[in-house]
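Here's the structure we're looking at; comments come further down.
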């Protein structure tokens, strides 16, 4: 079920990007005044309201799939790739935490009273 929702989510993402790119910007009216094409397929104001409605619907579906995926992925148990690995006991000499050697009697590091 999760792969189906992930594929649906990716398709909705692409659709949302394309729908937003299809929308007319705020400065597009000035470009149409100087010879740009007019979009009268859906009527004078019909195209913008249709695209706004489709954008709203796709955005709501996008948010729902995002919430659904986050809920599904958070429900899984916490697992680790190290579950089946047993810890190895390393000798103290290899770890660098060996005790400091005691100075030999009569050496230069021994303090005299």
Does the stretch 70-92 contain at least one residue that is modelled with pLDDT of 80 or more, under 30 Å from residue 20 (Cβ atoms) and exposed (fewer than 10 other Cβ atoms within 10 Å of the Cβ)? yes
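Looking at the stretch 27-34, can you tell me whether even one residue there is in a helix (DSSP H, G or I), at pLDDT 90 or above and surrounded by 11 or more Cβ atoms within 10 Å (Cβ to Cβ)? If you could, list the steps in order and put the result at the bottom.
Within the stretch 27-34, the first condition is being in a helix (DSSP H, G or I), and the residues that meet it are 28-33.
Checking which are at pLDDT 90 or above leaves us with none.
Scanning the stretch 27-34 turns up no residue that is in a helix (DSSP H, G or I), at pLDDT 90 or above and surrounded by 11 or more Cβ atoms within 10 Å (Cβ to Cβ).
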Cross-chain or 6+ apart pairs with Cβ under 8 Å, the stretch 1-24 first and at negative phi and without any contact (Cβ under 8 Å) to a residue 60 or more places away in the chain, then surrounded by 12 or more Cβ atoms within 10 Å (Cβ to Cβ) and not in a helix (DSSP H, G or I): 24/39
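The values are calculated or read from the model by the stated rules, or taken from the named source; none is laboratory data. Here the structure is a predicted model, which means the values were calculated and not measured. Backbone-built Cβ (ideal geometry, glycine too); neighbour counts: all protein chains shown.
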